[in-house]
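To start, the structure itself, in structure tokens.
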Amino acid sequence: MKRIVSLLLSLTLLLSLLPGCSQSGEDPPAPTELFSVQELAEAVFPVSGREEALDVERLNRDADSDRLAVYIEAVCGLTQDQWEDAAVIRGTGASAFEIIVLRLETGDAAADLEPVLADYLTAREGAFTGYAPAEAEMASNGRVQREERTLGLFICPAPENAAAAFTAAYNGEELPAPPEPEPKPEPERNAPPLALRDILHRLLLEAACPEWLSVEKSWSNGSSGRSVIGNWIPDGWDGPLNSGYADDPLITGVTYQVSVHLLDSEEEAAALAEALNRQMEEYRELGFEEVNEMLDKGCAISSGCYAALIVSDHTEDAVLLFPRILNDPETGGYFDRLYSQGRQTVIADPDPDYPDRVRFTPPNEEDMSIYDTSAILAAWEAGDPSVLSGDDREIYDAAKAILAEIMEDGMSGLEKETAAYRWLVNNVDYDWSHQDALAETDRRAYGPYGGLVDRAAVCLGYAVSFQLLMDMSGVECITVVGAGFNSAGDHAWNMVKLDGEWYCVDATWDANAREQRQEEQAWRYFNLTSDEMARNHQWDYANTPEATAEDRGGARA
């Protein structure tokens, strides 16, 4: 088809140079009649930047009119009598890639549809947020382009190229050349994706010094450009601010401090952390009371090629948060987001009772009713599964086998929670049919059958599976049905109670981090506080337990 379109475009250009060739003196056909929507879609596809290995499905009226009609109605809300022609080239599975070309009866109808397609881009971003961050970003950068009564939607790695090709093909102009594939550089250990100031400010504001924006402070870059340091005066401190060590590059006077350092290797980062801890111990031995009061709260740690020194009233919190920050893509651009709006984080549609959280408005886009496991739990307590049948019996047998594999006598509640979480994250795949407008997701994926038997589930299936394993293990747990992406899409996760304190966990999003990277990663949604969870989750805050514990566990993948 690419060759056919190229030949047609060449012929159009040739005819434009021969004005005497039109028959019977008729004007040349209008641009809208030059090419079908299918030809326009095929003209865009080669320059869209899609990966060569990407599996795609093509939908057009000639090949599969029924599926195309269903798809256009799901995406655009248009019935088949409301559009003239359409063509779709889309990725399958965990891919947001999509090219849609749609021709309506009039230019006004096409103009009316533009905002609908723009909303669809936002919806696709929300659908992949937390599940496949790279796909969500691609959707957020998508383009909608209109030429008279013909619309193009492009969710692809090169949306600008796609839009330019669409316009050129529509007007019979020469198509832009496909972009040369960029060579994939070898990963550089000393060129990480996160800016040091993003790490520092997130570490300060979310753990070490929540009041950072309002306290007397200073921050500076190291001379090498691979260190960044923040200092502030402890709340209520009225002692001297200089103990004779103010010029020391690591410990500045008796102010609290967080510093982040980038090294060339994990070994060098670990060595720096060890040296910082050793130096703090040497300072303690000098016997300066004011210094010791600070340094008793200090700790240096490393994670990957980064090292951090933390001297704070909240050092333990910051130590736990540090590796999460390095594994969370939300850290990228943290500083710019923080300071772009009057030096404060801006909350879209804040909750009046929780102003630091987005208001929860239940999306109610799908059935989020929770699978009833009471019969399974009763059989487990009685040690008699003979009363169960059908799905319940299969779920019981699967859960029993999993618990026998991962649990040991004498485990603490945290150890049981960690074992169940690790099993789900590493063994259950996300059911990507849930993101496909043409696929019907089996209802079993919403419950423990999907998670424990089929081992393919959506978020509610992960959450109910985790709760069942916790219930059978004697660990108090609840399933939270809420939303993600500013209440744009239904979502579910869990809360676990350990030693009287509640913690938030989201096995779905940690499992998807493993799926997308094809390797185990540090868990980003394990035993968070409610404030941490509220950064990208929304729920009924007033009627759900609040997780506030400073001791967050410490178990990781």
Query raised in the report: Thr548 accessible area, nearest 10 Å², 1.4 Å probe?
Result: 90
Requested in this report: For region 158-179 and region 460-497, write down the distance between their C-alpha centroids in whole Å.
Outcome: 46
Query raised in the report: Within a Cβ distance under 12 Å of Ala437, other residues only, what is the Lys/Arg minus Asp/Glu net charge?
Result: -2
**Report entry** Cβ-Cβ FRET estimate between Ala437 and Asn171, R0 fixed at 30 Å, reported to 0.05
**Finding:** 0.50
Report task. Beta carbons within 10 angstrom, averaged per residue: use that to sort the peptides 273-281, 39-47, highest first. Result -> 39-47, 273-281
Report summary line: Calc'd 3J(HN,Hα), region 414-431, phi into Karplus 6.51 cos²θ - 1.76 cosθ + 1.60 (θ = phi - 60°), Hz, glycine/Pro = x, comes to 5, 5, 5, 4, 4, 5, 5, 5, 4, 4, 5, 4, 8, 10, 10, 8, 6, 7
Query - Packing-based ranking, highest mean first, of 203-210, 394-401, 262-269, 409-416 given that Cβ atoms within 10 Å are counted - result: 203-210, 394-401, 262-269, 409-416
Requested in this report: Over 19 Å, how big is the tail of the calculated P(r) for region 350-436, in percent of all Cα pairs?
Outcome: 64
Report task. Compare the peptides 364-376, 442-454 by average per-residue count of other Cβ atoms within 10 angstrom and give them in order, highest first. Result -> 442-454, 364-376
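The values are calculated or read from the model by the stated rules, or taken from the named source; none is laboratory data. Please read these numbers as outputs of a predicted model, since none were measured by experiment. We place every Cβ from the backbone using ideal geometry, glycine too, and count neighbours over all the protein chains shown. Just the protein is used for accessible areas: all its heavy atoms, side chains included, with ligands, DNA and RNA removed. Shrake-Rupley method; radii C 1.70, N 1.55, O 1.52, S 1.80 Å.
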